[in-house]
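Colleague: Handing you this structure, nothing more for now.
Throughout, read-outs are computed from the coordinates displayed, never taken from laboratory work. Predicted model only: the values in this text are computed from it and were never measured. Here Cβ is always computed from backbone atoms with ideal geometry, including for glycine, and neighbour counts include all displayed protein chains.
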Amino acid sequence: HHRMDEFSRGNVPSSELQIYTWMDATLKELTSLVKEVYPEARKKGTHFNFAIVFTDLKRPGYRVKEIGSTMSGRKGTDDSMTLQSQKFQIGDYLDIAITPPNRAPPPSSRMRPY
């Protein structure tokens, strides 16, 4: 995922992709939209890790909340998760870490080893 300072002062990461979608869009649907634009992400086994980046109301800056992941060519438990179910709000950013199939995805903070 991107560093939070890449979102500061109205900036966005250089690899920004603008997608117009609905609150009931699933992570699998969003994966398909990204794959339309980035052909290299179509390879079977490509891992997509989703996080919401939102304004921190308690202090200046942004916070990040990992919400789920999908994989090209495989069904997963997070495929049907919607943006609305994860409290995504209009104005938030969706940060998607895309990992090619030949590299292990970074460990998710949601999956604890205990």
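Colleague: Positive end of the charge dipole of the range 4-99 (Lys, Arg +1 and Asp, Glu -1 on Cβ, about the Cα centre): tell me which of Tyr62, Ile98, Leu33 has its Cα farthest that way.
Modeller: Ile98
Colleague: Considering Cα pairs under 8 angstrom that are at least six residues apart, work out the relative contact order of the range 4-99 and quote it in whole percent.
Modeller: It rounds to 35 percent for the range 4-99.
Colleague: Using the reciprocal of the averaged 1/r over all distinct C-alpha pairs, how large is the Kirkwood radius of the range 4-99 in Å?
Modeller: Roughly 14.0 Å, rounded to one decimal.
Colleague: Step through the residues of the range 33-43 one at a time and calculate ³J(HN,Hα) from phi using the Karplus curve (6.51 cos²θ - 1.76 cosθ + 1.60, θ = phi - 60°), rounding each to whole Hz and writing x for Gly and Pro.
Modeller: Residue by residue, the range 33-43 yields 5, 5, 5, 5, 8, 10, x, 5, 7, 7, 4 Hz.
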